[in-house]
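The values are calculated or read from the model by the stated rules, or taken from the named source; none is laboratory data. In this text, all values refer to a predicted model and were calculated from it rather than measured experimentally. Cβ atoms come from the backbone with ideal geometry, glycine included; neighbour counts cover every protein chain shown. Note: areas computed on protein heavy atoms with side chains; ligands, DNA, RNA excluded. Shrake-Rupley method; radii C 1.70, N 1.55, O 1.52, S 1.80 Å.
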Amino acid sequence: MNVLLDHLPEFREGFLGTVWITLASAVLALVLGVLIAGFRVSPVPPLRAFGTAWVTLLRNTPLTLLFLIFFFVVPQILLPGSSPFLLGTLALGFYTSSFVCEAVRSGISTVPVGQAEAARSIGMTFSQTLRLIVLPQATRVVLPPLSSIIIALTKNSAIAGAFSVPGLFSFAKLQSDRGYAIGWIFLWTAIAYLVITFAVSGLFRLAERRMGLAR
């Protein structure tokens, strides 16, 4: 208990750091995931090819390797002087977007084809059909798998701590290096992760109930 009380400001900073990088990465992953899912069901072959390549490449790349690329290669080419928080957010967001994309694409496939055809028959474009007809219906099916994906993202954020991004993992590593009992350190860290994941799960359950999703 003393480990936590004696270093409460550092623990709070680590907790908030994990919350912020999870939130930022989740927003990026959702935006990219929905966009790439649109590419994958697009009638334009180059967009479908790009979406397939995006998902195949990112889903089959180890997350640690992706962090190494974003921290040691990307700053040399595209983003010199970028903060560790930004680079960590990009790595987590890009990686998670591939899983979001597949979840959204699966939801899109549950919407009857006739609805899209009816929308096209009245002159709606593909983007209008997707935005106004298909995605609102697919959301009901997509919410449960998205909950699991965002929870996995929260746990994956621990890798960012090994790359100088403030978070719970970096707090645990710092206290361990100082010689404190590692068992108590990881106990409090695990409890903090549980608080975040339970909060994420609760938010998605609330959204599911709001939409009247039948389990």
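Per residue, how much accessible area does segment 8-96 show when a 1.4 Å probe rolls over the protein heavy atoms, in square angstrom? Display every interim value, and only then the final one.
Numbers: 4680 Å² over 89 residues.
It amounts to 53 Å² per residue over segment 8-96.
Which order, highest average first, do 49-55, 79-85, 93-99 follow once you tally other Cβ atoms within 10 Å for each residue and take the mean per peptide?
Output ranking for 49-55, 79-85, 93-99: 93-99, 49-55, 79-85.
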Problem - Efficiency of FRET from Cβ geometry, LEU65 and SER106, R₀ 22 Å, rounded to 0.05 - result: 0.25
Exercise for the section: Report the full-extension gain for the segment VAL44 to ALA162: residue separation times 0.36 nm, less the Cα-Cα distance, to one decimal in nm. Expected result: 38.4 nm
Completion exercise
Quick calc, THR125 & LEU194: beta-carbon distance into FRET formula, R0 45 Å, rounding 0.05, result 0.50
Problem - Rg over Rh, two decimals, segment 92-215 (C-alpha only, Kirkwood Rh) - result: 1.17
Handout entry: Packing-based order for 194-201, 141-148, using average beta carbon neighbours within 10 Å, highest first
Key = 141-148, 194-201
Exercise for the section: Could you tell me the accessible area of LEU57 in Å² (1.4 Å probe, neighbours in place), rounded to the nearest ten? Expected result: 120
